[in-house]
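Only one structure is covered here, and it is reproduced in the block below.
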């Protein structure tokens, strides 16, 4: 009986040892599957593997650390895809700060962190350029705005689709505004040329009218002779246009001089007149 008990006990110990070995093998296999999934960046698969490892070894620190890291890395990746860079940086920091986690995950998280930092700098640069474009648009400086938008669209905007769309819309708007401005300028130029032509025509007509109204010396002498009732026999007339200080117009000064045939000294002044064409009046100047 005693011998039988020893046999049974030995068998049970053997079974227990085999069970522990099987559990250890399953745990190690699950951990390895998780690490392989991390290498291929299949974080959902890695997460499932580490959860399986924890079923084999409850509260295992390594498996728990790997699981926490993997969940954070998955969240960081999702946030990165959605361009939520603030969330990405927060989750990446959790991955890197896990002391007992996977070095491979830390390396991948560091790479992602660098990408995010680079993108944020690029985003800041693009925002500065966009602010300059908006300033030019506000000032209606469409040539400058057009050059700036063209330069912006030549940059790699694959990670900034919203900015690319914004720039393309601005390009279309600028083209329309430039076309409208060119039309306005053309219409203004046509109006200016028309106004100048009308002014020139008026000036030409005024000159022609003035030319038609210009009095000859003979006309003025005739006015004087009609005024004094005398003929031009024995005298000479000198006519000089002068400025009328009262009206600002032109008046004429007329001197009547002897030609010597009447017994006076040749050139002797016989009479002095002014003629005002604006009122058609001859006025004698007292000597």
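The values are calculated or read from the model by the stated rules, or taken from the named source; none is laboratory data. Everything quoted here is computed from the prediction, not taken from an experiment. FYI the Cβ positions are ideal-geometry reconstructions off the backbone, even for glycines, and counts take in every protein chain you see.
Among the residues of the range 206-215, are any in contact with a strand residue (DSSP E or B) (Cβ under 9 Å, 6 or more places away or on another chain), in contact (Cβ under 8 Å) with a residue 24 or more places away in the chain and over 30 Å from residue 81 (Cβ atoms)?
Yes: the range 206-215 contains one or more residues that are in contact with a strand residue (DSSP E or B) (Cβ under 9 Å, 6 or more places away or on another chain), in contact (Cβ under 8 Å) with a residue 24 or more places away in the chain and over 30 Å from residue 81 (Cβ atoms).
Inside the range 53-79, residues that are under 26 Å from residue 122 (Cβ atoms) and buried (at least 21 other Cβ atoms within 10 Å of the Cβ) make up a count of 3.
Would you say residue 192 is over 19 Å from residue 127 (Cβ atoms), without any contact (Cβ under 8 Å) to a residue 12 or more places away in the chain and more than 24 Å from the chain's Cα centre (by Cα)? Answer is yes for this residue. Among the residues of this structure, residue 112 does not count as one that is in the same structural domain as residue 90 (by TED's automatic domain parsing), surrounded by 15 or more Cβ atoms within 10 Å (Cβ to Cβ) and touching a residue at least 40 places away in the same chain (Cβ under 8 Å). When restricted to residues that are within 17 Å of the chain's Cα centre (by Cα) and farther than 16 Å from residue 161 by Cα, the range 109-141 contains 12.
Return a yes/no flag: does the range 82-103 have any residue that is touching a residue at least 40 places away in the same chain (Cβ under 8 Å), closer than 30 Å to residue 61 by Cα and in the same structural domain as residue 60 (by TED's automatic domain parsing). Yes, that holds for at least one residue.
Among the residues of the range 152-169, are any touching a residue at least 60 places away in the same chain (Cβ under 8 Å) and in a loop (DSSP other than H, G, I, E, B)?
Checked the range 152-169: at least one residue is touching a residue at least 60 places away in the same chain (Cβ under 8 Å) and in a loop (DSSP other than H, G, I, E, B).
Exactly one residue out of 214, 250 is at pLDDT below 90 and within 16 Å of residue 279 (Cβ to Cβ), and it is 250.
With the structure loaded, tell me whether residue 121 is assigned to a helix (DSSP H, G or I) and under 30 Å from residue 71 (Cα atoms) or whether it fails that test. Steps first, answer last, please.
Values: assigned to a helix (DSSP H, G or I): yes; under 30 Å from residue 71 (Cα atoms): yes.
Here the answer is yes, as residue 121 does meet what is asked.
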